[in-house]
Amino acid sequence: MLAELGAARTHNITPGALRILGSYDWPGNLPELRGVLSQAIRKRSVGAIGPGDLPPALVADASGHELAPIERAERNAIVAALRSAGGNKVRAASTLGISRTTLYARMRALRVLG
């Protein structure tokens, strides 16, 4: 994927960052991973991408907090709504029948990147 993002020659991923990436659930699948790597590449212009280059939500998720089944279902619904709304949080909140403020709060609580 680093090669697809044009960074295979300028970047690599440290074992610690790879462990974090590997332990994350990736409800958004490859597009979500691609977005995280793209963000890390922009953050670090060259060199090894380490845990500090990853979004804090990913690092926190790797700390071992496991979501309950109802939380996982809610998280998946939020990710699906955001994806179908093209990332537009107002439309995603409307689709879910909640306010934008509630959506942001739930995204933080459930560690949804965006």
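The values are calculated or read from the model by the stated rules, or taken from the named source; none is laboratory data. Keep in mind it's a predicted model, so treat the numbers as computed, not measured. Don't worry about glycine lacking a Cβ; one is built from the backbone with ideal geometry, like all the others, and counts go over all protein chains shown. Just the protein is used for accessible areas: all its heavy atoms, side chains included, with ligands, DNA and RNA removed. Shrake-Rupley method; radii C 1.70, N 1.55, O 1.52, S 1.80 Å.
General observations
- Segment N12-W26, length gained on full extension (0.36 nm per residue, minus Cα span): 3.0 nm
- Here the convex hull built on the C-alpha positions of the chain has a volume of 99 cubic angstrom per residue.
- Mean separation of Cα contacts under 8 Å (6+ apart) over length of the chain, as relative contact order %: 24
- Helix 69-84 vs. the chain, principal-axis angle (Cα, 0 to 90°, nearest 10): 80
- Rounded if a/c under 1.5, otherwise prolate or oblate - region 1-43, Cα gyration tensor axes: oblate
- Relative to the longest principal axis of the Cα atoms of the chain, helix 29-43 runs at roughly 60 degrees.
- Remark: the chain carries 57 Å² of accessible area per residue (probe radius 1.4 Å; ligands, DNA and RNA excluded).
- Surface composition of the chain: carbon and sulfur atoms hold 57% of the protein heavy-atom accessible area at a 1.4 Å probe.
- Stretch in the chain that is longest and holds no GluC sites (Glu not before Pro) that DSSP places in a loop and that have at most 13 other beta carbons within 10 Å: 5-65
- Nearest-ten-degree value, helix 100-109 long axis tilted from longest Cα axis of the chain: 50
- In this Cβ point-charge picture (+1 for Lys and Arg, -1 for Asp and Glu), the chain has a dipole of about 380 debye about its Cα centre.
- 5 Å binning of all Cα-Cα separations within region 69-114, expressed as whole percents from 0 upward: 5, 27, 37, 26, 4, 0
- In this structure the amide hydrogen of I13, modeled in the peptide plane, comes within under 5 Å of the amide hydrogens of I49, none closer than 5 places in sequence on its chain.
- Label-to-label distance for R83 and S99 is 2.9 nm, based on points extended 7 Å past Cα in the beta-carbon direction.
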